[in-house]
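**Student:** Below is the structure I would like to discuss, written out as structure tokens.
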Amino acid sequence: MSYKAIIFDLDNTLLNFEICERQAILGALEACTISLDLHGISENVFLQVFETYNSKYWRHREIFSPSELIEMSYRSTLAELDIQTDKISNLSQSFWHIFNHFAVMEPDVNEVLTVLAGNYRLAVITNGFVSAQLPRMQAAGIEHFFEEVVVSEAIGFAKPSPKIFHHALSRLNLTPAEVIYVGDSLKHDYAGATQVKMDFCYYNRKNRNLPQEAKPKFMISELLNLLKLFN
């Protein structure tokens, strides 16, 4: 099959979301001079508690702003760990500053995009906030590779809804058969692409066992392998 465009997921496909989030969570504490050591709390414990609350609050992202969500996560985490501070709002501001301006890419992203951009139209479909996703791409220096960047917040639909995929196809003026989607999530990326009959390349970055019902067109464990498939 000869594709005209390759559409990428962003988080944990092009950018390492886990590292980006970790450095923002802990970096905000440092910026606000809140020491975990003084309270006898390890970074891993703090991160585990934070992630528990953050996952819960993130389900209400249509109600609260990004700053409010992070502020709620810090407030609940600090309360559970009995850390007193009057800098909750500063923590949220510091988190977003770090998260939006210090991006960590997956291995070989620049090389892969540079080569593919010579032969294909490139685009991104990502769930998230416009105020975060676009600055992070700029911080990584990869925004210029992409003809279209479709962010769920901007259009009101998130993966795996087929509507966000149809929106991207419309912007590119292409059919599903002319495009392949590359992503790391079977739940959001594979499910969404499959609904619109778009071929899917599974970036299996952690070498997980593939569920029997999942049948992606391609599967890779390193982004460099895209060059073997599509170059």
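The values are calculated or read from the model by the stated rules, or taken from the named source; none is laboratory data. The structure displayed is predicted, hence computed values, not measured ones. Using ideal geometry, Cβ is built from the backbone for each residue, glycine included, and neighbour counts are taken over all protein chains shown. Note: accessible area is taken over every heavy atom of the protein model, side chains too, but ligands, DNA and RNA are not part of it. Shrake-Rupley method; radii C 1.70, N 1.55, O 1.52, S 1.80 Å.
**Student:** Going by alpha carbons, how many degrees (0 to 90, nearest 10) lie between the helix axis of 162-172 and the longest principal axis of the chain?
**Tutor:** 60
**Student:** Another question about this same structure. Quote the convex hull volume per residue of the stretch 24-126, based on C-alpha atoms, as a whole number of Å³.
**Tutor:** Each residue corresponds to 124 Å³ of Cα convex hull volume.
**Student:** For a bin width of 5 Å, list the pair-distance distribution of the stretch 1-75 built from all Cα-Cα distances, rounded to whole %.
**Tutor:** 3, 12, 19, 22, 17, 10, 5, 4, 4, 2, 1, 1
**Student:** Average the reciprocal distances over every distinct pair of alpha-carbons in the stretch 80-132, invert the result, and give the Kirkwood radius in Å.
**Tutor:** 14.8
**Student:** What's the extension gain from residue 111 to residue 43 if we count 0.36 nm per residue and subtract their Cα-Cα distance?
**Tutor:** Value of the extension gain: 21.2 nm.
**Student:** Something else: Quote the convex hull volume per residue of the stretch 121-220, based on C-alpha atoms, as a whole number of Å³.
**Tutor:** Value for the stretch 121-220: 102 Å³ per residue.
**Student:** Roughly how far apart, in whole Å, are the Cα centres of the stretch 10-61 and the stretch 213-231?
**Tutor:** Spelled out, the Cα-based centre of one part sits 31 Å from the other.
**Student:** Can you list the aspartates and glutamates whose alpha carbon is less than 15 Å from that of residue 217, not counting same-chain residues fewer than 8 positions off?
**Tutor:** List returned: 178, 184, 189, 199.
**Student:** Among DSSP beta bridges lying fully in the chain, give the percent that are antiparallel, nearest 5.
**Tutor:** 5
**Student:** Calculate what fraction, in whole %, of the accessible area of the chain sits on carbon and sulfur atoms when a 1.4 Å probe is rolled over the protein chains.
**Tutor:** The computed percentage sits at 50.
**Student:** Further question: If you take the Cα Rg of the chain and divide it by 2.2 N^0.38 Å, with N the number of residues, what do you get?
**Tutor:** 1.08
**Student:** To continue, here is another question. Only Cα pairs under 8 Å and at least 6 apart count here; give the relative contact order of the stretch 1-108 as a rounded whole percent.
**Tutor:** 43
**Student:** When averaged across all projection directions, what area in nm² does the alpha-carbon convex hull of the stretch 47-103 cover?
**Tutor:** 4.1
**Student:** Also, quick follow-up: Taking only the alpha-carbon positions of the stretch 53-176 and ignoring solvent, what does the Debye formula give for the base-10 log of I(q)/I(0) at q = 0.13, 0.18, 0.22 Å⁻¹?
**Tutor:** Once normalised to I(0) and log-transformed, intensities are -0.66, -1.05, -1.29.
**Student:** Follow-up question, since we're still on this one. log₁₀ I(q)/I(0) of the stretch 174-231 at q = 0.28 Å⁻¹, via Debye over equal Cα point scatterers, no solvent, to two decimals?
**Tutor:** Debye output, listed in q order: -1.24.
**Student:** So if each residue of separation counts as 0.36 nm, and I subtract the Cα-Cα distance between residue 195 and residue 63, what length gain in nm does that give?
**Tutor:** Length gained between residue 195 and residue 63: 44.8 nm.
**Student:** What accessible area per residue, rounded to a whole number of Å², is obtained for the chain using a probe radius of 1.4 Å?
**Tutor:** Ligands and nucleic acids excluded, the result is 50 Å² per residue.
**Student:** Would you mind checking the tilt of helix 66-80 against the longest principal axis of the Cα atoms of the chain, expressed as 0 to 90 degrees and rounded to 10?
**Tutor:** It works out to around 50 degrees.
**Student:** Would you mind checking the tilt of helix 130-140 against the longest principal axis of the Cα atoms of the chain, expressed as 0 to 90 degrees and rounded to 10?
**Tutor:** 80
**Student:** Determine, from the Cβ-Cβ distance of residue 208 and residue 35 and an R0 of 41 Å, the FRET efficiency 1/(1 + (r/R0)^6), rounded to the nearest 0.05.
**Tutor:** Efficiency computed from Cβ-Cβ geometry: 0.65.
**Student:** What is the Cα radius of gyration of the stretch 7-51 over 2.2 N^0.38 Å, N being its residue count?
**Tutor:** Working: Rg = 13.2 Å, N = 45, 2.2 N^0.38 = 9.3 Å.
This ratio for the stretch 7-51 stands at 1.41.
**Student:** Just to confirm a number: summing +1 for Lys and Arg and -1 for Asp and Glu over residues other than residue 216 whose beta-carbon lies under 14 angstrom from that of residue 216, what do you get?
**Tutor:** +1
**Student:** Right, something else. Computed FRET efficiency, Cβ-Cβ of residue 173 and residue 224, R0 22 Å: what is it to the nearest 0.05?
**Tutor:** Efficiency, rounded to the nearest 0.05: 0.15.
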